[in-house]
Amino acid sequence: MVDKTKLVVSFAPFWHNGNRVTDRSLQIILAALPAALFGVYRFGFSALSVLALAVSSAVLWELAFTRVAKRPVSVGDGTAAVIGLLFGMMLPANLPWWAVITGTFLAIVVARQIYGGIGANPFNPAAVAVAILMLAWKNRMDFDTALVNYVFDFSAAFPLAAAKALGANAVKDLSLADLFWGRQAGGIGTICGAGLLAGGVYLVLRGIIRWEIPVSFLLGVAATAAIFHAADPVRFAPPAFHILTGFTLFGAFFLATEDSSSPVNFIPMLIYGAVIGSIAVLIRNIGVFAEGLVFAVMVGNLIQPLLDKIRPKALGKVA
Amino acid sequence: MMFSRGELKIVYGWTIGLLVIAVVSYAALPSTSPDRPIRIAFQTVAGKVIFDHHRHLIESGYGLSCGECHHTLSPDEYSQAGSCTECHQLEEGDEDVPKRSDALHQQCIGCHREYGGGPTECAQCHVMQ
């Protein structure tokens, strides 16, 4: 029997609980900052210039589009800045300025505003922009080729590219602790596992993102990588390696959890996360790209409306 | 409107500030390569090859002097070391001048064999994508 007291709603006036879009944006930016600042520490001023340009140009594209389309100014909610920051964190530290502003145009205008702006984008805007840049400027987005002029005191090879080309043996000497603490090549804000995990847990605790998506995402990565590794340990790297390299932690906490392109119900969230995690590893192990996580996120976004059909039956509705 | 006027001003302020930082740091950091490359990415028909120039040079690495690889150049010419054809007059069938790929293969694999270290098999350097 349904507990009817749960369905009783009091009369107006109601009191807003204080949740605001601007606060959510601010919390996401705060959560992303540790990993982003670590990237600036690791790659220097060039990383700062990429991040600064990504955030500012994302806001300016949104401002420009809302002006042209005669829509109300929307940059004050901070969502454009969030998209710019997340997009910038996935880039190599020396990406030229024209590629950065092309990317923010793709994220803000093509992947978001054309669909109607906040809450209406079917795909994660930052993932769409990175995916298009990866296809358009392959060498610029290839971490091995892009980062040739940086001196590191650790292996400068992008771990996932090394594992894909040379097999698990090429990366077996990489210490997991080193990977976790950001001693690896990769995107500006995606190399520091510790920062990403701290930011992600903060967002979960603050209720900004739901734990179901990152947890099922990481389980999906781990399970799929474990199957491959068990089948051929020489060719395929173990699960812990896949979790700590590339965009995995960044994707789990910051990409897959994007509001408008992720499901809202419990079981759909679990399926959604697990699907993205396993497709990400499939692309890495048997696909074309060394790191194709943004494509996996877009596949997840694509099936999200279908997944959300799995929901509780409406009360009182006759079948 | 989902935000206050004050918040909009804060976003404008940060945007202008970050744009200035971006313009200044992009202008201050030209993207030219250093005189002594750190790593060199060769795009070849057999995939990509990343050569760690820095490690071959430094004392804690292999400590090679420039002339051991860049054969006939004087020290002040090393930074201008470009393609083989800048010095060699390449003519069809000229057997004295090896192709770039042959020269590099000979240089890398020859040295690695001689000193018993470093990659000598194709897939250890060539990354096929």
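All of the numbers you see were taken from the coordinates with simple rules; none came from a lab. Computed from a prediction, not measured in an experiment: that's the story for all the values here. FYI the Cβ positions are ideal-geometry reconstructions off the backbone, even for glycines, and counts take in every protein chain you see.
How far apart, in nm, are the 7 Å Cα→Cβ label points at B:Gln43 and A:Ala230?
In this crude spin-label approximation the distance works out to 4.2 nm.
Kindly provide log₁₀ I(q)/I(0) values, in the same order as q = 0.17 Å⁻¹, from the Debye equation applied to equal alpha-carbon scatterers of the range A:1-156.
Debye curve over Cα of the range A:1-156, log10 I(q)/I(0) at q = 0.17 Å⁻¹: -0.97.
Quick check: the angle from helix A:79-89's long axis to the longest principal axis of chain A, C-alpha only, nearest 10 degrees?
Once rounded, one gets 20 degrees.
Under the definition of partner shielding as Cβ atoms of other protein chains within 10 Å of a residue Cβ, what is the mean value for peptide B:53-65?
Neighbouring Cβ atoms belonging to other protein chains average 1 per residue here.
For a quick check, take a GNM of chain A with Cα springs below 10 Å and name the residue from A:Ala230, A:Ala296, A:Ala69 with the largest mean-square fluctuation.
A:Ala69
So how long is each side of chain A along the principal axes, counting just the alpha-carbon atoms, biggest first, in Å?
Result for chain A: principal-axis Cα extents of 65, 48, 30 Å.
Using only atoms on other chains, find how many Cβ atoms lie within 10 Å of each Cβ of peptide B:16-28 and report the average.
For peptide B:16-28, the averaged partner shielding equals 6.
Order by neighbour count: B:Leu104, A:Leu7, fewest other Cβ atoms within 10 Å first, most last.
Exposure proxy ranking, most exposed first: A:Leu7, B:Leu104.
Counting other beta carbons within 10 Å of each residue's own, what order do A:Val9, B:Val20 fall into, fewest first?
Least crowded to most crowded, the residues run A:Val9, B:Val20.
What 222 nm value per residue comes from the helices of the protein assembly as shown, counting each DSSP H run with n ≥ 4 as -39,500 (n - 2.57) and dividing by all residues, nearest 500 deg cm²/dmol?
-15500 deg cm²/dmol
Return A:Glu258, A:Glu62, B:Glu59 ranked ascending by Cβ neighbour count within 10 Å, so the fewest neighbours appear first.
B:Glu59, A:Glu258, A:Glu62
Running a GNM on chain A with Cα contacts under 10 Å, which residue among A:Ala222, A:Ala80, A:Ala162 ends up with the highest mean-square fluctuation?
Sorting by GNM fluctuation, first place goes to A:Ala162.
Could you sort the peptides A:70-77, A:154-161 by per-residue average Cβ neighbour count (10 Å cutoff), highest mean leading?
Highest mean packing first, the order is A:154-161, A:70-77.
What's the whole-number percent of alpha carbon pairs in the range A:71-114 lying beyond 11 angstrom?
Percentage above 11 Å: 68.
Mind checking which of B:His126, A:Phe14, B:Ile40 is farthest towards the positive end of the protein assembly as shown's charge dipole, using Cβ charges of +1 (Lys, Arg) and -1 (Asp, Glu) about the Cα centre?
Value: A:Phe14.
Specify the residue with the greatest mean-square fluctuation among A:Arg112, A:Arg20, A:Arg235, computed from a Gaussian network of chain A linking alpha-carbon atoms under 10 Å apart.
A:Arg20
Suppose R0 equals 25 Å. What FRET efficiency, 1/(1 + (r/R0)^6) with r the Cβ-Cβ distance, do B:Val23 and A:Ala99 give to the nearest 0.05?
That pair, B:Val23 with A:Ala99, gives E of 0.95.
Dimensions of the range A:1-61 along principal axes (Cα, Å, largest first)?
So the three principal-axis extents are 60, 28, 17 Å.
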